[in-house]
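Working notes, beginning with the structure itself.
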């Protein structure tokens, strides 16, 4: 299976990180959390949003951005409302790292400026600030997985009381 990496730089809202952790668990994406976090990992809101998926996560914590870059190597994509490229116009390779910033500040502009061609955005109306972080991560992750033809993901579900084969 190809490796997809979701990187959260200093996330502040536990419910967002919990929702993102659930997205990572059900897709097989690795989650990278870069400190400082705006909450304790034991926060009940974080665990509640991730429900019983927390033990299914491949999660790594880092002390800061330098610690992350020292320990990882791959192709990085920076999701930002300030990006000039649309996220669907990018071809994502194996071991892609999708970066997302704080809910209140986004990613540092210095990082964005140094990586102009790797800055991507989800199109939205100019009059509104941004999408919710967990929604943006889900959109981005599923675009990468779509490009990869949804490796190792179930493509159909089952009814609990009926059988699809019996439907007219």
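The values are calculated or read from the model by the stated rules, or taken from the named source; none is laboratory data. Keep in mind the model is a prediction, meaning the values are calculated, not measured. Because the Cβ atoms are built from the backbone with ideal geometry, glycine has one as well, and the counts that use them run over all protein chains shown.
Do you know which residues across the range 24-43 are surrounded by fewer than 20 Cβ atoms within 10 Å (Cβ to Cβ) and in a helix (DSSP H, G or I)? Write out each step before concluding.
Of the residues in the range 24-43, the ones surrounded by fewer than 20 Cβ atoms within 10 Å (Cβ to Cβ) are 26-28, 30, 35-43.
26, 27, listed by residue number.
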For the range 44-69: of the residues being part of a loop (DSSP other than H, G, I, E, B) and farther than 17 Å from residue 102 by Cα, which is modelled with the highest pLDDT?
58
Selection over the range 88-106 where residues are within 17 Å of residue 74 (Cβ to Cβ) and either in contact with a strand residue (DSSP E or B) (Cβ under 9 Å, 6 or more places away or on another chain) or surrounded by 13 or more Cβ atoms within 10 Å (Cβ to Cβ) (or both) yields a count of 10
For the range 119-168, enumerate the residues that are over 30 Å from residue 9 (Cβ atoms) and modelled with pLDDT of 95 or more.
none
Conditions (1) in contact with a helix residue (DSSP H, G or I) (Cβ under 9 Å, 6 or more places away or on another chain); (2) surrounded by 12 or more Cβ atoms within 10 Å (Cβ to Cβ): number failed by residue 156:
(2)
